[in-house]
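The next block holds one structure in the form of structure tokens; read it before the comments.
The values are calculated or read from the model by the stated rules, or taken from the named source; none is laboratory data. Remember, it's a predicted structure, so these values are computed and weren't measured experimentally. Counting neighbours? That spans all protein chains shown, and the Cβs are built from the backbone with ideal geometry, glycine included. Areas reflect the complete protein model, heavy atoms only, side chains present, ligands, DNA and RNA absent. Shrake-Rupley method; radii C 1.70, N 1.55, O 1.52, S 1.80 Å.
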Amino acid sequence: IVPFAGVGPFVLMIAKSQPKSTVVGIELNAQAVKLFKENSVLNKLKNVNVILGDAKKELLAFKGKASRILTPLPWSSREFLPECISALRSRGILHYYFFARDSREGLEDVKKACAVQGRRCSLKDSRVVHGYSASMQQYVLDLEIE
């Protein structure tokens, strides 16, 4: 699942590389969803599900079903952690993108959100995506949620 999917770049790349999986993209912007659907057709992808809606609400329908969730909206993905964690099945993977001074900030956010739901997380990988300013960078954490 990719909340904040936009016109679908992450979803389309994942769907192409994982043709036996269904990849869900959720987007609130109707014009972006229209283009996302066109992109899916142009790329001849049958394993893409495009949802027009608010990610907070739409993720509720996937409780415990998702094997992976990718959050490519680093400024506000923190606000969606409870819904993302809830949508993941046991041992699912969260690819959590965020801006911070240190990657430990994001890890603490995920640990707190997991604890509220009685779940645990383990860090599998952490990397800098790119710099943002002298004191802030964009990170992605790959976490397994139990």
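Of the candidates Val23, Val2, the single residue that is among the aliphatic types (A, V, I, L, M) and farther than 27 Å from Glu108 by Cα is Val23.
Does Asn43 satisfy the condition of being touching a Pro at 6+ places or on another chain (Cβ under 8 Å), open to solvent by less than 70 Å² (accessible area, probe 1.4 Å) and over 26 Å from Tyr132 (Cα atoms)? Judged against the criteria, Asn43 is not a match.
Could you check region 108-140 and list, in sequence order, the residues that are more than 12 Å from Arg78 (Cβ to Cβ) and either acidic (Asp, Glu) or in contact with a Leu (Cβ under 7 Å, 6 or more places away or on another chain) (or both)? Within region 108-140, Cys121, Ser122, Leu123, Lys124, Asp125, Ser126 qualify.
On the given criteria, is Leu70 in contact with a helix residue (DSSP H, G or I) (Cβ under 7 Å, 6 or more places away or on another chain), among the aliphatic types (A, V, I, L, M) and open to solvent by less than 90 Å² (accessible area, probe 1.4 Å)? In short, yes.
Selection of region 102-139 for residues being open to solvent by less than 50 Å² (accessible area, probe 1.4 Å), closer than 22 Å to Gly64 by Cα and not small (Gly, Ala, Ser) yields Leu107, Asp109, Val110, Cys114, Arg119, Cys121. When Gly64 is tested against (1) in contact with a helix residue (DSSP H, G or I) (Cβ under 9 Å, 6 or more places away or on another chain); (2) open to solvent by 70 Å² or more (accessible area, probe 1.4 Å); (3) more than 25 Å from Leu12 (Cβ to Cβ), only condition (2) is not met.
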